[in-house]
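Step one of this worksheet: look at the structure below.
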Amino acid sequence: MPTFVYASKCSGCGDCVDICPSDIIHFDRKSRKAYNIEPDACWECLNCVKVCGRQAVDVRGYADFVPMGASITVVRDDRKNTIEWNISYRNGTRKKFSFPIRTTEWGSIKPPSEYPQAEMGKTEELSLEPEKLYINSVPSIKGEKN
Amino acid sequence: MKSKTVDCDILIVGGGMAGCGAAWEARYWSRNSRIVLVEKANVDRSGAVAMGLSAINTYMGMRWDENTPEGFVNYVKNDLMGIIRDDLVYDVARHVDSTVHLFDEWGLPIMRDKNGHYLREGKWQIMIHGESYKAIVAEAAKKAASEIYNRVMITRLIKDANNKMAGAVGFDVRDGTFYVFKSKVVIVSAGGASQIYRPRSSREGAGRTWYPHWASGSAYGLLIEAGATMTMMEARFSVPRYKDGYGPVGAWQLLLKAKQTNALGQDSFELHKEEIRKLFNGKMGYADVVPTPTNLRVLSSLMELKAGRGPIYMHTEKVLTRENEELGWEDFLDMTISQALVWAGQNVDPMKEPSEILPSEPYAMGSHATENGAWASGPEDISSSLSNGDRSKSYFWGYNRMSTVDGLFVAGDACGASPHKFSSGSFTEGRIAAKSAVKYLMDHSDEHLQIDNSTIERMKLNLYEPIERYNKNKYEITAGKVSPDMMWYDQGLARLQKLMDEYAAGWGSWYTTSDVMLNNALKLIKMLKEDFVNYAAAENYHQLLRTWELWHRILTAEAIVVHMLYRKETRWPGYYSRSDFPALDDDGWRVFVNSRYDSKAQSWEVFSVPVIDLVVRK
Ligand SMILES: Cc1cc2nc3c(=O)[nH]c(=O)nc-3n(C[C@H](O)[C@H](O)[C@H](O)COP(=O)(O)OP(=O)(O)OC[C@H]3O[C@@H](n4cnc5c(N)ncnc54)[C@H](O)[C@@H]3O)c2cc1C
Ligand code: SF4
Ligand code: SF4
């Protein structure tokens with residue numbers, strides 16, 4: 001399902017252009033609105049759809065194997081930290097799902113530089129180990145042929 | 001063309017799972033150094049986890065005595081038919097739990113069972129609500145790195161006068177700015193390779209492969225041209241997935257316990273077990289180990305498909321109920337949304353009917369159920385006694401996860417012979433590489449890079465050549481993309497995919513090849529390389545991105561073919577078979593195949609290295 005953009009809804013904000021991992025959402029020079037420049041390089045990750053506040057980006061099933069008429073819409077809310085999916089079948093069947101996306105506030109991760117630094121030494125411990133393993137020490141084996 | 005030079009202490013190429021792990025760990029051990037991460041997309045949603053995931057596939061659970069690293073090494077070795085680096089796999093396993101506990105703390109929603117333990121999908125996997133997995137991990141990396149350059153593609157690594165790592169060059173894929181990153185330490189974590197074989201999807205759907213379109217083989221292309229010793233490039237693999245949408249099968253098989261059968265309702269593996277045992281049992285009895293190695297299960301499905309008793313079905317209708325329906329759908333919506341749309345478009349009700357499963361086109365990867373990548377040094381406490389002076393044939397040369405090139409480190413899909421890392425293990429390997437990279441940096445603080453400016457100038461000219469060529473030749477034709485003097489990236493890619501599919505064991509040739517076919521592939525790849533050098537054309541910077549991705553894919557493909565030619569046996573029959581060497585041969589071939597490319601002479605040196613078993617086999 002490559003993505004496309006509804007001309008009437010796009011404000012040209014650029015959020016989708018900014019996020020696409022495939023670098024295929026670009027602005028149309030004339031209209032200054034976004035569009036998918038390379039649908040056959042679209043992985044249908046829906047990151048452009050999720051990021052568009054105006055619901056201007058949508059998907060249409062891949063022409064080579066998805067019959068017309070089905071749809072998937074998604075609303076990702078990073079304040080409530082939920083994602084809502086609405087799936088509509090070709091025959092009209094509907095499915096609705098909601099899942100959590102994060103248990104903490106966005107931006108709340110403590111930087112690694114704010115933890116006290118251990119001695120680098122010769123040990124095999126990575127940052128915050130062994131505490132973060134919740135076992136007493138980092139296991140090892142001897143490098144001798146069995 | 002505008003140019004920018006960036007001086008770094010540690011340069012990280014690729015901000016996926018491994019790259020983000022590297023940024024985190026480098027900052028922890030080195031508070032004042034300039035840590036620069038370069039990403040061709042946007043770190044918030046880049047790499048194989050851009051869409052999200054519904055499971056973390058590598059978690060020991062040592063705190064609850066669920067698993068041991070030794071058990072993991074045994075499992076992984078069976079799955080790869082006896083060929084892995086025990087030291088590298090053990091190393092990831094012993095550290096991976098601390099990575100997952102960090103993810104939990106950062107806010108990744110991990111499902112729990114009734115005891116409050118992480119909900120197991122299978123013995124090694126745990127279930128997550130992972131739509132925002134990458135965005136969360138990226139937040140940690142952004143708090144660690146000094147600078148992140150999004151939308152900058154790295155095209156080549158730079159070495160200094162002493163043949164040591166000196167940085168990388170690349171360009172801004174939006175405005176074309178030329179970038180030179182100067183750095184004594186480079187960590188390559190640029191992911192695996194899709195689209196090197198003709199995908200089963202076609203035309204508008206061609207972007208729907210299992211591994212993402214943007215997995216451009218850059219890690220391999222960069223490492224190969226830098227002269228790093230590569231390993232196990234022949235072990236490129238295919239994954240059994242829901243047909244067309246490439247929906248994942250893990251949760252359906254392991255957690256929901258859905259069975260796969262042929263069209264007659266029979267278990268393919270049971271039907272062919274005897275035959276498989278005869279050819280592929282080796283000394284370790286692969287046909288009887290539990291769980292059955294992935295490639296042997298794929299093989300039995302292929303045998304049924306070939307016999308005309310397909311399709312292979314996943315019996316969702318026998319396990320899916322109103323109670324667990326949500327779990328099944330979330331599995332797709334978190335990581336392969338198109339499968340949900342295939343069901344909706346084709347009116348498939350998974351509670352009433354089964355769905356087809358089909359092995360995919362092959363991919364090159366170092367983090368999944370296979371092990372392509374650079375040959376790297378292992379951890380000191382395990383591997384230091386396994387050194388013989390020749391890096392390309394040793395397990396240790398001073399710095400964990402350093403490639404055979406001084407100052408060049410690898411992690412995730414870029415690190416070979418270290419399979420089954422998946423998302424958590426790739427992040428962990430990035431951490432491992434970064435800690436030892438910091439050590440390297442400290443040990444070499446008095447050395448100065450000697451970079452030849454004329455080399456950089458030449459690299460710059462070379463980088464933009466496809467655009468120059470287009471501007472020179474565009475008025476020769478009236479319109480369109482058919483020209484006697486230009487080859488666009490999509491034309492070159494189609495040629496690569498066709499020859500790999502037909503000669504190097506793609507799905508179109510039933511994953512089967514031979515010396516004759518591989519030599520044909522090699523001949524055509526050489527011509528494709530020449531054509532790239534003489535005809536590659538790009539109209540704009542987006543096309544230039546695709547053009548250099550093609551170059552990395554071509555080098556990856558060449559390495560694959562060279563390695564496949566060298567290994568005279570069939571080691572992973574579900575991934576590919578050799579018609580001229582149809583059986584597994586443990587006496588001759590339980591070895592790593594390693595290679596080194598000389599980019600000046602354009603020649604390959606290929607050799608084998610013995611497998612050393614460090615963990616007692618149970
Ligand atoms: C559909 C799917 C399902 C999966 N399911 C699971 C699962 O359930 N559980 C699990 O644990 N794992 C799963 N995996 C595997 C997991 O995603 C990978 O193992 C992991 O992401 C590999 O990490 P990496 O850092 O090596 O590569 P990536 O995460 O892919 O990162 C590579 C990065 O490098 C960047 N890059 C590439 N080339 C260049 C260049 N030339 N210049 C600059 N940047 C570049 C890319 O844009 C990308 O950001 C799944 C993968 C896929 C695709
Ligand atoms: S995010 Fe939406 S509104 Fe903004 S440019 Fe993209 S399609 Fe248009
Ligand atoms: S679905 Fe993903 S790959 Fe396709 S255009 Fe949107 S962001 Fe890009």
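The numbers here are math on the coordinates, done by the rules we state, and not lab data. Nothing here was measured: the structure is a model prediction, and the numbers come from that model. Virtual Cβ from ideal backbone geometry, glycine too; neighbours counted across all protein chains shown.
Couple of notes before you dig in:
- From least to most packed, judged by other beta carbons within 10 angstrom and beginning with the fewest, A:C48, B:C20, A:C10 follow the order A:C10, A:C48, B:C20.
- Estimated [θ] at 222 nm from DSSP helical runs (n ≥ 4, -39500 (n - 2.57)) normalised by residues in chain B, nearest 500: -11500 deg cm²/dmol
- Across the options B:A161, B:L88, A:S108, the greatest Cα extent toward the positive end of the charge dipole of the protein assembly as shown (unit charges at beta carbon of Lys, Arg, Asp, Glu) belongs to A:S108.
- Ellipticity estimate at 222 nm from DSSP helix runs (n ≥ 4, -39,500 (n - 2.57)) divided over chain A, nearest 500: -1500 deg cm²/dmol
- P(r) tail, the range B:392-438: Cα-Cα pairs separated by more than 15 Å, 39% of all pairs.
- Between the range B:574-618 and the range B:1-31, the alpha-carbon centres lie 33 Å apart.
- Taking the square roots of 5 times each eigenvalue of the Cα gyration tensor of the range B:34-162, largest first, gives ellipsoid semi-axes of 30, 22, 13 Å.
- The loop-placed trypsin sites (Lys or Arg not before Pro) in the range B:6-69, going by DSSP, that have at most 14 neighbouring Cβ atoms within 10 Å of their Cβ come out as B:R31.
- Ranking of A:V59, B:V342 by neighbouring Cβ atoms within 10 Å, starting from the fewest: A:V59, B:V342.
- Linear extension gain, B:E569 paired with B:E147, 0.36 nm per residue minus alpha-carbon span: 147.2 nm
- Distance between modelled label sites at B:N162 and B:E476, nm, 7 Å Cα→Cβ extension: 4.6
- Potential extension, A:V75-A:R94 segment - 0.36 nm per residue separation minus Cα distance: 5.2 nm
- Applying the Karplus relation 6.51 cos²θ - 1.76 cosθ + 1.60 with θ = phi - 60° to the range B:168-183 yields 3J(HN,Hα) values of 7, 10, x, 8, 6, 6, 9, 10, x, 3, 7, 10, 10, 9, 9, 7 Hz, where x marks Gly and Pro.
- Separation of alpha-carbon centers, the range A:4-67 and the range B:365-402, rounded to whole Å: 43
- Rg/Rh for the range B:1-87 (Cα atoms only, Rh after Kirkwood) is 1.10.
- Normalised Debye scattering of chain B at q = 0.05, 0.06 Å⁻¹ gives log10 I(q)/I(0) of -0.20, -0.29, counting only Cα atoms as equal scatterers and leaving out solvent.
- Shielding by other protein chains, B:378-389, mean Cβ within 10 Å: 3
- Calculated over the range B:464-561: convex hull of Cα atoms, volume per residue (Å³): 93
- For B:R241, nonlocal amide neighbours, meaning residues 5 or more places apart or on other chains whose placed amide H falls under 5 Å from its own, are B:L358, B:S360.
- Spin-label pair B:K2-B:K278: with each label point 7 Å from Cα along the Cα-Cβ axis, the two points sit 6.8 nm from one another.
- Dipole magnitude of the range B:366-525 about its Cα centre (Cβ charges: Lys, Arg +1; Asp, Glu -1), debye to nearest 20: 380
- Summarising the strand pairing of the protein assembly as shown, around 70 percent of its internal DSSP beta bridges are antiparallel.
- Point-charge dipole on Cβ atoms (K/R +1, D/E -1) for the protein assembly as shown, about Cα centre, debye to 20: 1140
- Taking a point 7 Å out from the Cα of A:S11 in the direction of its Cβ, the residues of the range A:44-68 whose backbone N falls within less than 11 Å of it are A:53-55.
- Across the range A:5-146, counting alpha-carbon atoms alone, Rg and Dmax equal 23.1, 69 Å.
- The separation of the range B:286-339 from the range B:233-272, counted between C-alpha centres, amounts to 3 Å.
- Under Karplus coefficients 6.51, -1.76 and 1.60, residue-wise ³J(HN,Hα) of the range A:8-19 in Hz, glycine/proline x: 6, 9, 6, 9, x, 6, x, 4, 6, 4, 6, 9
- The tail of the calculated P(r) for the range A:1-82, taken as Cα-Cα distances beyond 14 Å, holds 61 percent of the pairs.
- Label sites at B:M527 and A:E84, each approximated as a point 7 angstrom past Cα along Cα to Cβ, lie 5.8 nm apart.
- The radius of gyration of the Cα set in the range B:240-359, together with its Dmax, comes out at 15.1, 48 angstrom.
- If only the Cβ of Lys and Arg carry +1 and only the Cβ of Asp and Glu carry -1, the dipole of the range A:1-143 around its Cα centre is close to 820 debye.
- Burial ordering of B:L499, B:L37, fewest other beta-carbon atoms within 10 Å first: B:L499, B:L37
- Taking the C-alpha atoms of the protein assembly as shown, convex hull volume expressed per residue in Å³: 153
- Taking every residue in B:209-218 and counting other chain Cβ atoms within 10 Å of its Cβ, the average works out to 3.
- Among the trypsin sites (Lys or Arg not before Pro) in the range B:207-280, those located in a DSSP loop and surrounded by at most 10 other Cβ atoms within 10 Å of their own Cβ are B:K257.
- Look at the stretch B:121-131: the mean tally of other chain Cβ atoms within 10 Å of its residues' Cβ atoms is 2.
- For the range B:540-618, the calculated P(r) over all alpha carbon pairs, in 10 Å bins from 0 to the bin holding the longest distance, is 15, 34, 29, 16, 6, 1 percent.
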